[in-house]
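The values are calculated or read from the model by the stated rules, or taken from the named source; none is laboratory data. None of these values were measured; they are calculated from a predicted model. Positions of Cβ are backbone-derived with ideal geometry, glycine not excepted, and every protein chain shown enters the neighbour counts.
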Amino acid sequence: MTTKTTFEVLGKKDTRSGFGAGLTALGKTNKDVVALCADLTGSLKMDEFQANHPERFFQVGIAEANMMGIAAGMTIGGKIPFTGTFANFSTGRVYDQIRQSIAYSGKNVKICASHAGVTLGEDGATHQILEDIGLMKMLPGMTVINTCDYNQTKAATLAIAEHKGPVYLRFGRPKVANFTSEEQKFEIGKAVVLQEGKDVTIIATGHLVWEALQAAKTLHSEGIEAEVINIHTIKPLDEAAILKSVRKTGCVVTAEEHNYLGGLGESVARTLSTNAPAPQEFVATQDTFGESGTPEQLMDKYGLNAKAIVNATNKVLGRK
C-alpha cells in the first residue's frame, strides 16, 4: 500500500487518452506490442500507434469475437496484443471467446476497454455496461484494473505490458480531473491511500475516486475525517490495505461506476466478512440498466457522485 496525502489537479482529461498515450509509448519501446481494434480507432485513441506502427496495428472491423481469437493466437508467437473497443463489446459481446481462448489457457492478452459505465452518456443503455467488472473478475487468472485519471491510465497501460497473463483494463470517455502524479509507478494490486482519516474508510475506483476526494472535503467541514483509498486494481485486491484501514475507522463506504452486484463493493464485503466484519454502504448502481443523458445527469440520477458518497458516509457512521 502506498500513501499520498497531497495532490495537484492538472486540468481535465479523458482516461481513454491516457490509454492512447501509454500505447503510443509502448510502440516505441516494446517491439512485441501489437494493437487490434474493432472499428473504433479514434474512440480508443489508438490513431498514433496505428500511424507510427502500421505493421503492428490490425483493424479487424466490427468483429469483436474474431479480434479476441486473433489476439489469443498472436501470443503463441510471443506478441503482446492490446485489444481495443467499448467496454460493452470488450466483455459482454465476447465473453465466450475471452473465457475459452484467453482466460482458460492464460494467454497474455491485454483487453483494453473504453466508454465503461453510465458516463458513456447519450449512447444509452445498449452501449453502457455496468456488469463488466463482475464478468471479468470471476474469470480465473484475469487481472482487473479500473483507473481513475489520465496519468494513472497511462501508467497502467505501460505496467500491464510487463505483466504476464490476461488483463482487463477499464477506462472511460468523459474528461475528468487529472490529479495523480505524471511520474507515478503503477503497481498492480497495490492500493493508494490518497487521504488518511480516522472516522470512515471510503474505497473508490475509476471515476468515483475524484468524487470520493470531493466528498471527503465536505465531510471534513462537518468534522468527519475520512480515509480515501484508490483501488485501481480490483483483482488481485489489496486486502491488507483494506483491512488495515477499516480496522482503524470501523466502517466503510465503497464507490464505483458499476452495479453493486459483482463489483468492487462485493469484493470488499467478502474481504471484511471473512476477516474483520464492519458496517458497509455501497455507492453503485442498484441492479439496473442505464439510459441516455449527459454523464453529469446520469451520475446524479444513479447516485454516483460526491453527494451520494457523503450521504452513504453519514448512514454508515450511524451503524458503527
query: What are the residues in segment 132-168 that are closer than 16 Å to Pro81 by Cα and touching a helix residue (DSSP H, G or I) at 6+ places or on another chain (Cβ under 6 Å), if any?
result: Met142, Thr157, Leu158, Ala161, Pro166, Val167, Tyr168
task: Kindly indicate whether Leu208 is in contact with a helix residue (DSSP H, G or I) (Cβ under 9 Å, 6 or more places away or on another chain), within 20 Å of Arg16 (Cα to Cα), surrounded by fewer than 21 Cβ atoms within 10 Å (Cβ to Cβ) and aliphatic (A, V, I, L, M).
output: no
statement: Filtering segment 219-252 for residues that are under 26 Å from Asp287 (Cα atoms) and either modelled with pLDDT under 95 or surrounded by fewer than 19 Cβ atoms within 10 Å (Cβ to Cβ) (or both) leaves a count of 2
- request: Out of Ala255, Ala284, Ala216, report the one residue that is small (Gly, Ala, Ser), over 18 Å from Gly117 (Cα atoms) and at pLDDT 95 or above.
  value: Ala216
- prompt: For segment 44-86, how many residues are of a type in the set (S, T, N, Q) and over 28 Å from Lys13 (Cα atoms)?
  reply: 2
- request: Please note which strands (runs of 3 or more DSSP E) are completely contained in segment 27-101 and include at least 1 residues that are in contact with a Gly (Cβ under 8 Å, 6 or more places away or on another chain) and crowded, with 18+ Cβ neighbours inside 10 Å.
  value: 33-37
task: Collect the residues in segment 5-30 that are among the charged types (D, E, K, R) and without any contact (Cβ under 8 Å) to a residue 24 or more places away in the chain, keeping them in residue-number order.
output: none
query: Among Asp149, Asp123, which is modelled with pLDDT of 95 or more and among the acidic types (Asp, Glu)?
result: Asp149
